[in-house]
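The values are calculated or read from the model by the stated rules, or taken from the named source; none is laboratory data. What you see is a predicted model, and the numbers here were worked out from it, not measured in a lab. Cβ coordinates were reconstructed from backbone atoms using ideal geometry, including for glycine residues, and neighbour counts include every protein chain displayed.
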Amino acid sequence: MTSPDAFIFDDGAVLASYATAAMWSSEGCKNVVEFGVSGSAAFTEELAGQQKIAAADGYQLHVVDIQVAQTDVSAPISTALSMHPDCVSYEGDGQTTAKLVAGVRQAGYTGKFITAIGSLLPQLLASLGNVGNGVLVLNTTLSPYSNDPLVTEFRNQVTAYVGGAKAAAVDLNEFGQDGWSSVRLVDLALSGTGDYTSAELLKKLPTMCDVNVGNVYPHVDFCKPSVQSTVFPRIFNTYETYFVAQNGVYVPVPGQTWHDVSADVQQGT
């Protein structure tokens, strides 16, 4: 996210960390507990940005240490719930996220559990069943089962290429959507040029000021970054959408469309 040759429309975990902090605020959280990996450089950096947003938006943010792929999560759950949070979060590996969701619910926690869809992929949510009900997630992409024309095109092309069973089990998610959209972007940039080279691509991308790459917020502007940040100067899309878990699947939060978190990224960095 610093190279002048990078044109990023999905900032992954970096954007998710700031967007989660924004979501704590928009969801009315006042006392947040976030599970995190102490000693991780990435988490330390992201936490510093989240703490800036928390201070500006007026809520408390506490951290409970947890390890990646931790087998027994009962101790960190007990510590977290002793702080009486109204919102808890974890953004990390999927198996740990699923354990935390199940564990806090079994412990009687009725507050909000907020994470990113990349941490609790649809397949893992399905394994939780009704236990996952109410989990809130943010994502940079539309639902892979949306009736949006480009999402439908993505779904049809991937299914035709890999087969229906594999597509449903592996590819119809945010990672498949990003891959398909990246290919679409290259096609839009180079189609008709007769020059399918990296040099031509780097010449064309900075002139694409209003492009729909499909699956994500429809209008991406590659002519200027979304955030004037010295830390991450190559962010070109700061829109997130929210989903809620219902009976093992994600559905769009009613009345919600896209949330621009550029101000939060700016503040956090």
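Does T97 meet the test of being within 23 Å of Q256 (Cα to Cα) and either modelled with pLDDT of 95 or more or in a helix (DSSP H, G or I) (or both)? No; evaluated as a whole, the condition is false for this residue.
Condition first: within 17 Å of A22 (Cβ to Cβ) and either surrounded by fewer than 19 Cβ atoms within 10 Å (Cβ to Cβ) or of a type outside the set (V, I, T) (or both). Can you find one or more residues in region 117-130 that meet it? Before the answer, list the steps.
Let us first name the residues in region 117-130 that are within 17 Å of A22 (Cβ to Cβ), namely 117-119.
Now restrict to residues that are either surrounded by fewer than 19 Cβ atoms within 10 Å (Cβ to Cβ) or of a type outside the set (V, I, T) (or both): 118-119.
Checked region 117-130: at least one residue is within 17 Å of A22 (Cβ to Cβ) and either surrounded by fewer than 19 Cβ atoms within 10 Å (Cβ to Cβ) or of a type outside the set (V, I, T) (or both).
Mind checking whether some residue in region 66-81 is outside the structural domain of F175 (by TED's automatic domain parsing), touching a Pro at 6+ places or on another chain (Cβ under 7 Å) and without any contact (Cβ under 8 Å) to a residue 60 or more places away in the chain? Yes, that holds for at least one residue. For region 210-230, the tally of residues that are under 19 Å from the mean Cα position of the chain (by Cα) and loosely packed, with under 15 Cβ neighbours inside 10 Å stands at 1.
Please verify whether region 146-154 includes one or more residues that are surrounded by fewer than 20 Cβ atoms within 10 Å (Cβ to Cβ) and either basic (K, R) or touching a Pro at 6+ places or on another chain (Cβ under 7 Å) (or both).
Kept after step one, since they are surrounded by fewer than 20 Cβ atoms within 10 Å (Cβ to Cβ), are these residues of region 146-154: 146-150, 152-153.
Those left that are additionally either basic (K, R) or touching a Pro at 6+ places or on another chain (Cβ under 7 Å) (or both): none.
Among the residues of region 146-154, not one is surrounded by fewer than 20 Cβ atoms within 10 Å (Cβ to Cβ) and either basic (K, R) or touching a Pro at 6+ places or on another chain (Cβ under 7 Å) (or both), which makes the answer no.
All conditions in (1) touching a residue at least 40 places away in the same chain (Cβ under 8 Å); (2) within 20 Å of the chain's Cα centre (by Cα); (3) part of a helix (DSSP H, G or I) hold for S143, with the sole exception of (3).
Counting only residues that are surrounded by fewer than 20 Cβ atoms within 10 Å (Cβ to Cβ) and part of a strand (DSSP E or B), how many does region 236-255 have?
Residues of region 236-255 surrounded by fewer than 20 Cβ atoms within 10 Å (Cβ to Cβ): 244, 246-249, 251-255.
Imposing the further condition that a residue be part of a strand (DSSP E or B) reduces the set to 244, 246, 249, 251-252.
Here the count works out to 5.
Yes or no: Q50 surrounded by 16 or more Cβ atoms within 10 Å (Cβ to Cβ), touching a residue at least 24 places away in the same chain (Cβ under 8 Å) and of a type in the set (S, T, N, Q)? It would help to see each step written out before you state the result.
Details: surrounded by 16 or more Cβ atoms within 10 Å (Cβ to Cβ): yes; touching a residue at least 24 places away in the same chain (Cβ under 8 Å): yes; of a type in the set (S, T, N, Q): yes.
Taking the combined requirement at face value, the residue satisfies it.
Residues that are more than 19 Å from D11 (Cβ to Cβ) and either aromatic (F, W, Y) or touching a Pro at 6+ places or on another chain (Cβ under 8 Å) (or both) within region 183-221 comprise just one, Y196. Residues that are part of a loop (DSSP other than H, G, I, E, B) and surrounded by 20 or more Cβ atoms within 10 Å (Cβ to Cβ) within region 8-36 comprise F9, D10, D11, C29, listed in sequence order.
When you check A169 against the structure, is it part of a helix (DSSP H, G or I), touching a residue at least 40 places away in the same chain (Cβ under 8 Å) and out of contact with any Phe, Trp or Tyr (no Cβ under 9 Å at 6 or more places or on another chain), yes or no? In short, yes.
Checked against (1) out of contact with any His (no Cβ under 8 Å at 6 or more places or on another chain); (2) modelled with pLDDT of 95 or more, N215 meets all criteria but (2). Across region 256-269, the number of residues qualifying as touching a helix residue (DSSP H, G or I) at 6+ places or on another chain (Cβ under 8 Å) and in a loop (DSSP other than H, G, I, E, B) comes to 2.
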